[in-house]
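Heads up: the structure comes next, in structure tokens.
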Amino acid sequence: MKPFAYVKAADEKQALAALGRERGKVLPLAGGMDLVSLLKDRIATPDRVVNVKGLDGTITATPDGGLRIGAAVRLVDLIAHATVSSQYAALAEAASETGTPQIRNLGTVGGNLMQRPRCWYFRNEEFPCLKKGGARCYSVDGENQFHAILGGGPCHIVHPSSLAVPLVAFGAKLRVVGPRGEKEVLAEEFYELPERNLYGETALRPDELLTHVILPPAKAMKSATYEVRFRSSHDWPIAFASVALALANGTVSDARVVLGAVAPIPWRSPEAEAALKGQPANEATAIKAAEAALAGATPMTQNAYKVQVARTAVKRAILHAAGVSA
Ligand SMILES: Cc1cc2nc3c(=O)[nH]c(=O)nc-3n(C[C@H](O)[C@H](O)[C@H](O)COP(=O)(O)OP(=O)(O)OC[C@H]3O[C@@H](n4cnc5c(N)ncnc54)[C@H](O)[C@@H]3O)c2cc1C
Ligand code: SF4
């Protein structure tokens, strides 16, 4: 591990003051579960690490009936929050499936949303791939069984955060602070495809911090997340989907469908949403929506199996959200 300076920031202001403008030179540390392994593997080599556990660690109601979730809220506290579990089921379900009890006990919302990709070539110092400034993406001719089937190129990572996917389904915003002030960015626009941002994955600049998630009122939306993993392991899912539905007399009046672990960003599917709107909430509709969601998939050499896995996840997330048994 490269030696680095350590700053413990008491609050948002101190954390911000300790950041720098050059990518990778100063890095925030939250629960540390992702960052420490990146440091040990010399994938991250900052000069300074800033402990940001002093950021807001509370969940509060907003005046319009939504929720404001601090970046330092731990996953275990998010799962235990009564409003999250009763009104934002897709988020509570995704958080409860994340890692192990130990990981959920230490991991924070901010760290989860900002974790780096799991691509094994990216995580291995021996592979100077495109994302690390090298000349090629090793996954194209290599081991790509867990890589992207939608939206990939020139880098084919899949987005790693389980929380970001339901947040996009709910139309959440992320509060970002930096030297130019604060702003709220739609979670859907915060994550960027490799063709736009090869070296990072988000719109966050090195001198900015993610401080809050702002959830709009859930109203009467019904939601669910459905994940597929190898043998219920604690590892990241192979594919999953988060769905938020508005229902009127058994018909879908509004829908948001977002896929996880299949693309470099949380992958919203307007095609699946169009297939749902105005249709009865039943298995036949869910199958059509799932087919629409994956119609544009372009698997790599070893991951065609993920297309059917993702279809199943979309179908089951829709049925769970609608309260319909298959
Ligand atoms: C075995 C295992 C299984 C896992 N399975 C899953 C899973 O299924 N789904 C899932 O989503 N995650 C999974 N994780 C990841 C785990 O949830 C994350 O590593 C963890 O949430 C990261 O949170 P942290 O607070 O430890 O962040 P840290 O490791 O401290 O930080 C992660 C990254 O975010 C940056 N960062 C942290 N806070 C901020 C901030 N406020 N503003 C800007 N940047 C910030 C850091 O610089 C770093 O790059 C798994 C991890 C392990 C070890
Ligand atoms: S998928 Fe991205 S991170 Fe992985 S080897 Fe290719 S360029 Fe590197």
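The values are calculated or read from the model by the stated rules, or taken from the named source; none is laboratory data. Quick caveat: nothing in here was measured; it's all calculated off a predicted structure. We place every Cβ from the backbone using ideal geometry, glycine too, and count neighbours over all the protein chains shown.
Quick one: which of 107, 99, 151, 171 is small (Gly, Ala, Ser), within 16 Å of ligand 1 (Cβ to nearest atom) and at pLDDT 95 or above? Quick ask: steps written out before the conclusion?
On the way: 99 fails: at pLDDT 95 or above; 151 fails: within 16 Å of ligand 1 (Cβ to nearest atom); 171 fails: within 16 Å of ligand 1 (Cβ to nearest atom).
One residue alone meets the criteria, 107.
Can you go through 185, 165 and tell me which one is within 12 Å of residue 261 (Cα to Cα), outside any loop (DSSP other than H, G, I, E, B) and among the β-branched types (Val, Ile, Thr)?
On the way: 185 fails: within 12 Å of residue 261 (Cα to Cα).
When all the criteria are applied, what remains is 165.
Can you work out which of the residues in region 11-56 that are assigned to a helix (DSSP H, G or I) and either in contact (Cβ under 8 Å) with a residue 60 or more places away in the chain or hydroxyl-bearing (Ser, Thr, Tyr) (or both) is farthest from residue 125 (Cα to Cα)? Before you say what the answer is, go through the steps one by one.
Of all residues in region 11-56, those assigned to a helix (DSSP H, G or I) come to 12-18, 35-40.
After this cut, where a residue has to be either in contact (Cβ under 8 Å) with a residue 60 or more places away in the chain or hydroxyl-bearing (Ser, Thr, Tyr) (or both) as well, the list is 12, 15-16, 35, 37-38.
Working: 12: 32, 15: 29, 16: 29, 35: 15, 37: 12, 38: 10 Å.
For region 11-56, the residue satisfying everything is 12.
Across region 154-165, what is the number of residues that are more than 8 Å from the chain's Cα centre (by Cα) and either of a type in the set (A, V, I, L, M) or within 11 Å of ligand 1 (Cβ to nearest atom) (or both)? Walk me through how you get there before you give the answer.
Initial filter on region 154-165 (more than 8 Å from the chain's Cα centre (by Cα)): 154-158.
From what's left, either of a type in the set (A, V, I, L, M) or within 11 Å of ligand 1 (Cβ to nearest atom) (or both): 157-158.
Qualifying residue count, region 154-165: 2.
Which one of the conditions (1) within 12 Å of ligand 2 (Cβ to nearest atom); (2) hydroxyl-bearing (Ser, Thr, Tyr); (3) surrounded by fewer than 16 Cβ atoms within 10 Å (Cβ to Cβ) does residue 100 fail to meet, given that it meets all the rest?
For residue 100, the failing item is (1).
Residue under question is residue 49, and the condition is that it be outside the structural domain of residue 110 (by TED's automatic domain parsing), surrounded by 18 or more Cβ atoms within 10 Å (Cβ to Cβ) and touching a Leu at 6+ places or on another chain (Cβ under 8 Å); does it hold?
Values: outside the structural domain of residue 110 (by TED's automatic domain parsing): yes; surrounded by 18 or more Cβ atoms within 10 Å (Cβ to Cβ): yes; touching a Leu at 6+ places or on another chain (Cβ under 8 Å): yes.
Yes; evaluated as a whole, the condition is true for this residue.
Say whether the condition of being under 30 Å from residue 306 (Cα atoms), within 10 Å of ligand 1 (Cβ to nearest atom) and surrounded by 20 or more Cβ atoms within 10 Å (Cβ to Cβ) is met by at least one residue in region 65-78.
Going through region 65-78, the residues under 30 Å from residue 306 (Cα atoms) turn out to be 75-76, 78.
From what is left, the residues that are within 10 Å of ligand 1 (Cβ to nearest atom) are 75.
Going one step further and asking which of them are surrounded by 20 or more Cβ atoms within 10 Å (Cβ to Cβ), we end up with 75.
Yes, region 65-78 contains a residue that is under 30 Å from residue 306 (Cα atoms), within 10 Å of ligand 1 (Cβ to nearest atom) and surrounded by 20 or more Cβ atoms within 10 Å (Cβ to Cβ).
So which of 275, 292 ends up being of a type in the set (A, V, I, L, M, F, W, C) and within 17 Å of residue 247 (Cα to Cα)?
Working: 292 fails: within 17 Å of residue 247 (Cα to Cα).
Among 275, 292, only 275 is of a type in the set (A, V, I, L, M, F, W, C) and within 17 Å of residue 247 (Cα to Cα).
If you check every pair at least six apart or on different chains, which have Cβ atoms under 6 Å apart with a residue in region 80-97 that is outside the structural domain of residue 245 (by TED's automatic domain parsing) and farther than 16 Å from residue 235 by Cα first and a residue that is of a type in the set (Ser, Thr, Tyr) and in a helix (DSSP H, G or I) second?
If the second residue must be of a type in the set (Ser, Thr, Tyr) and in a helix (DSSP H, G or I), the pairs left are 92/85.
Could you give me the residue pairs with C-beta distances under 9 Å whose first residue belongs to region 230-241 and is without any contact (Cβ under 8 Å) to a residue 60 or more places away in the chain and at negative phi, whose second residue is loosely packed, with under 12 Cβ neighbours inside 10 Å and assigned to a loop (DSSP other than H, G, I, E, B) wherever it lies, and which are 6+ apart or on separate chains?
Final answer for the pair search is none.
Taking the conditions exactly as written (away from ligand 2 (no atom under 12 Å from the Cβ), surrounded by 21 or more Cβ atoms within 10 Å (Cβ to Cβ) and not assigned by TED's automatic domain parsing to the domain that holds residue 295), does residue 186 satisfy them or not? Outline the logic, then answer.
Working: away from ligand 2 (no atom under 12 Å from the Cβ): yes; surrounded by 21 or more Cβ atoms within 10 Å (Cβ to Cβ): no; not assigned by TED's automatic domain parsing to the domain that holds residue 295: yes.
No: the conditions fail for residue 186.
Which is basic (Lys, Arg) and in contact with a helix residue (DSSP H, G or I) (Cβ under 9 Å, 6 or more places away or on another chain), of 180, 118, 123, 175? Reasoning before the result, please.
Numbers: 180 fails: in contact with a helix residue (DSSP H, G or I) (Cβ under 9 Å, 6 or more places away or on another chain); 118 fails: in contact with a helix residue (DSSP H, G or I) (Cβ under 9 Å, 6 or more places away or on another chain); 175 fails: in contact with a helix residue (DSSP H, G or I) (Cβ under 9 Å, 6 or more places away or on another chain).
Every option except 123 fails the conditions.
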